[in-house]
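Report on the structure given below.
The values are calculated or read from the model by the stated rules, or taken from the named source; none is laboratory data. Since the structure is predicted, the reported quantities are computational estimates derived from the model, not experimental observations. Cβ: placed from backbone, ideal geometry, glycine included. Neighbour counts: every protein chain shown.
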Amino acid sequence: MTGSLITCEIDLDTPGKHAGYLRVPHSTHRSAYGWLPIPITVLKNGDGPTVLMLAGVHGDEYEGQIALSRLAQDIEPGDIRGRLILIPTLNAPAAEAGTRTSPVDGGNLNRAFPGDPAGPPTQMIAHYVEEVLMPQADYLIDLHSGGTSLYYPPTLLRGQGHTPEVAAELRKLQAAFDLPFAWVFTGGGGPTSTARTAMGAANRKGAVPVMAELGGGGVVSEDILAMTERGLRRILNALDMLPGYTPDASNGTREAHALGSVYAYDRGVFEPCKDIGDAVGKGDSVGLIHATDAVSRAPIPVVSPYAGFVLCKRALARVERGDAVFQIAEDVDQA
Ligand SMILES: [Zn+2]
């Protein structure tokens with residue numbers, strides 16, 4: 001017994017294609033015996049691994065939500081070998097609101113693992129994923145983006161792998177997804193992970209996890225959506241789960257280690273002078289903050305403490321002290 005109060009309307013072990021809801025009990029003024037619905041689809045056919053694909057862990061990250069919904073609509077059991085579990089909007093209240101955090105309890109699902117079965121809804125969801133779904137999964141594909149406040153080029157995120165076998169699996173998933181960038185963590189992951197993310201949950205339960213940052217800024221990019229849909233099919237094919245699909249030639253992936261973020265220390269409107277992929281030197285001015293309450297004041301330069309290139313940038317112009325305006329990374333072969 002896991003102690004979870006969340007129930008699943010469908011049987012994940014029955015062959016075929018089944019769609020329903022995870023029911024998260026949530027008793028409110030307008031719905032005393034109600035539950036929050038999280039859509040779930042499972043496809044199972046023959047022998048093969050179990051892949052858990054998540055999106056909508058943050059509700060304002062959209063390409064993954066569309067891509068997983070479309071997979072659920074388009075793939076039939078006969079196409080699949082093994083089992084594919086699709087949850088396009090895991091933090092469903094946040095997805096419905098188009099917000100990073102849940103409007104129900106303020107929770108940030110990707111900071112809530114391992115969760116709490118007796119906690120508020122976001123904690124209950126994290127606990128259910130960690131204790132019920134993740135132990136059944138061989139692989140986790142968790143789809144994100146920069147959300148409302150950040151913008152990422154299509155980027156795969158992965159650990160180094162805590163064993164040679166896991167490292168090889170991670171490289172296989174990265175090559176199959178074939179996104180332009182990969183952010184390779186310097187840590188190995190594995191069962192001792194203390195990360196409060198879905199990837200951390202996967203590591204603790206023995207599933208091989210990758211994550212992806214797919215655009216952001218609160219919009220949907222057709223190009224990135226196409227890359228996402230292609231990449232998911234290529235992953236299933238690489239795992240021998242989608243034998244009828246023929247992958248096209250790969251484009252290659254630029255591997256990088258993230259060095260850290262550049263932060264605003266003043267309030268105002270941020271004018272960037274770097275873009276994704278641009279080289280940055282240590283001490284370089286990467287942008288200006290314009291005070292809007294004192295027009296005569298000269299703009300304040302924002303200086304990078306890192307040398308590398310821009311992997312991620314802020315999507316919103318207004319900044320406060322403590323906001324990240326850029327994330328700087330260095331190429332793996334230079335590390
Ligand atoms: Zn996210």
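Annotations
- Residue count for segment 250-282 under the criterion of being over 30 Å from residue 293 (Cβ atoms) and more than 25 Å from the chain's Cα centre (by Cα): the result is 3.
- For residue 155, the criteria (1) surrounded by 21 or more Cβ atoms within 10 Å (Cβ to Cβ); (2) within 16 Å of residue 235 (Cβ to Cβ); (3) more than 16 Å from the ligand (Cβ to nearest atom) hold in every case but one, which is (3).
- Pairs are defined by a Cβ separation below 7 Å, a sequence spacing of at least 6 or placement on different chains, a first member in segment 251-270 that is more than 13 Å from residue 317 (Cα to Cα), and a second member that is at pLDDT below 95 and of a type in the set (Gly, Ala, Ser); the pairs so defined are 257/335.
- Of all the listed residues (212, 195, 168), the sole one being touching a residue at least 60 places away in the same chain (Cβ under 8 Å), surrounded by fewer than 23 Cβ atoms within 10 Å (Cβ to Cβ) and at negative phi is 195.
- Any hit, segment 176-189, residues being over 16 Å from residue 330 (Cα atoms), crowded, with 22+ Cβ neighbours inside 10 Å, within 16 Å of the ligand (Cβ to nearest atom) and assigned by TED's automatic domain parsing to the domain that holds residue 107: yes
- Evaluation of residue 110 against the conditions (1) assigned to a helix (DSSP H, G or I); (2) more than 13 Å from the ligand (Cβ to nearest atom); (3) not small (Gly, Ala, Ser) shows that the sole unmet condition is (2).
- Subset of segment 266-281 (residues that are farther than 25 Å from residue 256 by Cα and among the charged types (D, E, K, R)): 266, 267, 271
- Answer residue from segment 88-106, given it is among the small types (Gly, Ala, Ser) and surrounded by 22 or more Cβ atoms within 10 Å (Cβ to Cβ) and is farthest from the ligand (Cβ to nearest atom) among those: 92
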